[in-house]
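Read-outs: derived from the displayed coordinates by stated rules, not from any lab. These numbers come from a predicted model, not from an experiment. FYI the Cβ positions are ideal-geometry reconstructions off the backbone, even for glycines, and counts take in every protein chain you see.
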Amino acid sequence: MPAPPRTVRRRRAGSRGVPRAVREPQILEVAGRIFAARGYHAASMDEIAAQADVTKPLVYAYFGSKERLYVAYIEGAGRELLDRMRAATDPAAPPRERLRAGILEFLAFVAERRDGWQVLQAEAAARGGPLAEELAGLRTGIARMIGRLLMETIPDSPVSEETRAAVDGVAHAVVGAGESLANWWLANPELPPDRALELLVALAQAGVDQARG
């Protein structure tokens with residue numbers, strides 16, 4: 001009597017043959033999508049592993065826990081945002097053009113990495129979550145970059161400490177306004193990105209004019 005046919009079980013990817021440098025970003029991308037859709041607490045490691053087509057033990061082997069996976073995703077998204085904004089600003093361009101380029105790249109990140117932006121915003125809204133310091137550092141880094149560009153738009157002349165402080169305040173205000181504008185823009189995509197950009201640049205320039213007072 002012939003032996004019954006053997007059932008061939010499909011092995012999930014990731015256990016062998018795929019370098020971690022390739023597999024880890026794939027897991028992070030899936031995790032970000034699920035964190036954005038479900039929120040941190042409702043997101044399941046089983047679902048993340050299944051959608052990434054890897055085993056759950058592999059996810060734990062790479063990241064250790066759901067919290068560390070979440071931290072890794074947010075750190076990566078924040079670093080990408082800041083790096084993209086820095087890379088978009090040509091040091092040889094006039095300050096106002098560099099400011100426009102940085103803001104436009106910020107809007108491009110929001111549009112292209114909607115999941116990443118939503119997770120960053122959700123964690124920022126948590127106030128005191130595990131990444132409060134990380135996100136505060138990201139905002140500070142963006143505000144410093146914008147502040148330097150705004151200072152460079154002021155014609156060469158002695159600038160008082162009060163004016164410098166006022167411009168720093170404007171830079172932080174622009175960051176907050178940019179976050180709100182980005183959230184609004186995602187819900188109102190009929191506004192072209194270059195128009196959204198000009199609104200934010202105009203707000204920044206008005207702030208600098210007032211700071212010079």
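Here is how the numbers come out for the structure above:
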item	result
Label point at ALA111 placed 7 Å out along Cα→Cβ; residues across the stretch 155-197 whose backbone nitrogen lies under 14 Å	182-183, 185-197
From the C-alpha gyration tensor of the stretch 32-112, square roots of 5λ in Å	35, 12, 9
Expected 222 nm ellipticity per residue - DSSP helices of 4 or more, -39500 (n - 2.57), all of the chain, to 500	-25000 deg cm²/dmol
Relative frequency of Cα-Cα separations exceeding 16 Å in the stretch 124-213, percent	59 percent
Pair ALA37, ALA122: separation of 7 Å Cα→Cβ label points (nm)	1.1 nm
Stokes-Einstein D for the chain, Kirkwood Rh over Cα pairs, 20 °C, 1.002 mPa s (µm²/s)	110 µm²/s
Extension gain, ALA87 back to VAL18 (0.36 nm per residue minus Cα-Cα distance, nm)	21.8 nm
The stretch 145-213 and the stretch 82-100: distance between their alpha carbon centers, rounded to Å	14 Å
Semi-axis lengths, Å, the stretch 93-166, gyration tensor of Cα atoms, sqrt of 5 times eigenvalues	29, 18, 6
Potential extension, ALA165-LEU191 segment - 0.36 nm per residue separation minus Cα distance	6.1 nm
Within a Gaussian network of the chain (alpha carbon springs, distance under 10 Å), most fluctuating of PHE35, PHE106, PHE63	PHE63
